[in-house]
Amino acid sequence: MSERPLNPDPDQEFVERSQNGDTRAFDELVRKYTPKLYGLVYNMTSNREDTADLLQDIFAKAYRSLKRFQGKSTFYTWIYSISVNMTLNFLKKRGRYTKLSLDDVDNGIQNDPDFIKLTSGGNPLKDVNIHELQKRLNEAMMKLSEDHRTVVTLYDIQGLQHADISKILGVSEGTVRSRLFYAHRQLQNYLEEFRK
């Protein structure tokens, strides 16, 4: 008998149907997790084309590996683990700084409805400051090591808990907290002038 998580997996029905060959059930999982995984991968790569390519690869790998998924974690944790590992491998192969396009990042944020709403007050100084802060934050994120950028992305951007990040990365919760503490301190140092 396989070990099941204490909390039932909300995706269990779709996973089981997918494991039995129901491609529409897997399509539902893809639809459910594409927005979150897009955000995760994009925040790690800062490149739309790389993100789109990686998402296709991530879901293809998940589909091929689904028969071996035993439910010892939730599908959510499992697909995040695949995403993080594949993205980190991609970054290592590619080299961290090649193809980094801050213009691409800035254009993405400027088309975000929440960003438009926040900045549509007609205050040019505020617009410039927010644009500059976003640019500096992106630069600061890319200065972090891949391990530190990953925990910041998972915790601060994706909103995952320490325990989930620990499972996804295969490290202790203490290591997650330590990396977050260090990464936050580094980001604060990089962004010191905006804290005044």
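The values are calculated or read from the model by the stated rules, or taken from the named source; none is laboratory data. The structure presented is a predicted model; accordingly, all values stated were derived computationally and were not measured. Quick reminder, even Gly has a Cβ in these numbers, built from the backbone with ideal geometry, and neighbours come from all protein chains shown. Remember, those area values only see protein heavy atoms, side chains included, never the ligands or the DNA or RNA. Shrake-Rupley method; radii C 1.70, N 1.55, O 1.52, S 1.80 Å.
Quick look at the numbers
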quantity: Every pair of residues 6+ apart whose Cβ atoms lie under 9 Å, when the first sits in the range 61-78 and is free of Cβ contacts under 8 Å to residues at least 60 places away in the same chain and within 18 Å of residue 31 (Cβ to Cβ) while the second is part of a loop (DSSP other than H, G, I, E, B) and open to solvent by 20 Å² or more (accessible area, probe 1.4 Å); calculated: 62/69; 78/69; 78/72
quantity: Number of the condition not met by residue 137 [criteria: (1) hydrophobic (A, V, I, L, M, F, W, C); (2) open to solvent by 20 Å² or more (accessible area, probe 1.4 Å); (3) free of Cβ contacts under 8 Å to residues at least 40 places away in the same chain]; calculated: (3)
quantity: Flag for residue 171 being hydrophobic (A, V, I, L, M, F, W, C) and part of a loop (DSSP other than H, G, I, E, B); calculated: yes
quantity: Single match in 65, 81, 46, 18 (criterion: of a type in the set (Ser, Thr, Tyr), at pLDDT below 90, more than 19 Å from residue 164 (Cβ to Cβ) and open to solvent by less than 70 Å² (accessible area, probe 1.4 Å)); calculated: 46
quantity: Subset tally (residues that are part of a helix (DSSP H, G or I) and either in contact with an Asp or Glu (Cβ under 6 Å, 6 or more places away or on another chain) or surrounded by fewer than 20 Cβ atoms within 10 Å (Cβ to Cβ) (or both)) for the range 149-166; calculated: 5
